[in-house]
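*Asks:* Dumping the structure here so I can ask a few things about it.
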Amino acid sequence: MTINKTCIILLFALAVSSSIQVFAQQGTKKLIIAPKGKYKVTVLPEFYQYNPIKKGDTTFSFECFDRNDKKMNLDSGFNINNAEGINILKSYYQFPYKPGAIISPPYLSFKIFTFERTSKNTWIGNDLNTKEKTGIKEYMNTIVRTDTVSVANPATGAKQVIIHKYYKVELVPATEVPEGHHTH
């Protein structure tokens, strides 16, 4: 089963299907060429979105976790092969914030979709609303898009350019993906 790149990203974020233009715009960022030694490269599956996606007052963001359920920092020494899980989070204020209000409304954040690594090149996607599972196969040697970010080192203030390369994934029936967790 082959699905175009934008559809793959949107399939995993079912709750944000109305944000097609946001995804398409973020997928066409211009690559920044940094001086030698002044940049890092991370490699991520094409369904991953580095920058949070805003739709009105709602934010959708991705987080990677290691085998100890510790959040992984994509900006320092990140390796996707060490990731055991990826979550898509939906965050919003419980009710609209009114300027001048003494108390701000509660900010709610919860998982809407998870990805669990099942082997060196496969994932299982779990829609937490419908409980449906999707198999995902990785093709790390096929880069489908890139984007760049510039982050400041909090200790020195020095800027670091990070190039994110996104590799191809293919949706397959969940039954085609091995069960169990990835072992290094």
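*Asks:* Look at residue 143 and say whether it is in contact with a strand residue (DSSP E or B) (Cβ under 8 Å, 6 or more places away or on another chain), of a type in the set (A, V, I, L, M, F, W, C) and at negative phi. Spell out the reasoning first.
*Replies:* Details: in contact with a strand residue (DSSP E or B) (Cβ under 8 Å, 6 or more places away or on another chain): yes; of a type in the set (A, V, I, L, M, F, W, C): yes; at negative phi: yes.
It is true that residue 143 is in contact with a strand residue (DSSP E or B) (Cβ under 8 Å, 6 or more places away or on another chain), of a type in the set (A, V, I, L, M, F, W, C) and at negative phi.
*Asks:* OK, next. Which ones in the range 72-96 are surrounded by 11 or more Cβ atoms within 10 Å (Cβ to Cβ), farther than 14 Å from residue 44 by Cα and in contact with an Asp or Glu (Cβ under 8 Å, 6 or more places away or on another chain)?
*Replies:* 89, 92, 93, listed by residue number.
*Asks:* Within the group 173, 106, 99, which residue is more than 18 Å from residue 74 (Cα to Cα) and modelled with pLDDT of 85 or more? If you could, list the steps in order and put the result at the bottom.
*Replies:* Details: 106 fails: modelled with pLDDT of 85 or more; 99 fails: modelled with pLDDT of 85 or more.
Exactly one residue qualifies, and that residue is 173.
*Asks:* Might you let me know whether the range 142-154 holds any residue that is under 25 Å from residue 68 (Cα atoms), surrounded by 15 or more Cβ atoms within 10 Å (Cβ to Cβ) and out of contact with any Cys (no Cβ under 6 Å at 6 or more places or on another chain)?
*Replies:* no
Condition check ((1) touching a residue at least 40 places away in the same chain (Cβ under 8 Å); (2) within 18 Å of residue 175 (Cα to Cα); (3) outside any strand (DSSP E or B); (4) among the charged types (D, E, K, R)) across all residues:
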site	(1), (2), (3), (4)
81	yes, no, yes, no
88	yes, no, no, no
92	no, no, no, no
103	no, no, yes, no
110	no, no, no, no
116	yes, yes, no, yes
126	no, yes, no, no
139	no, no, no, no
142	no, no, no, no
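The values are calculated or read from the model by the stated rules, or taken from the named source; none is laboratory data. Not measured: the values here are computed from a predicted model. Positions of Cβ are generated from backbone atoms using ideal geometry, with glycine treated the same way; all protein chains shown enter the neighbour counts.
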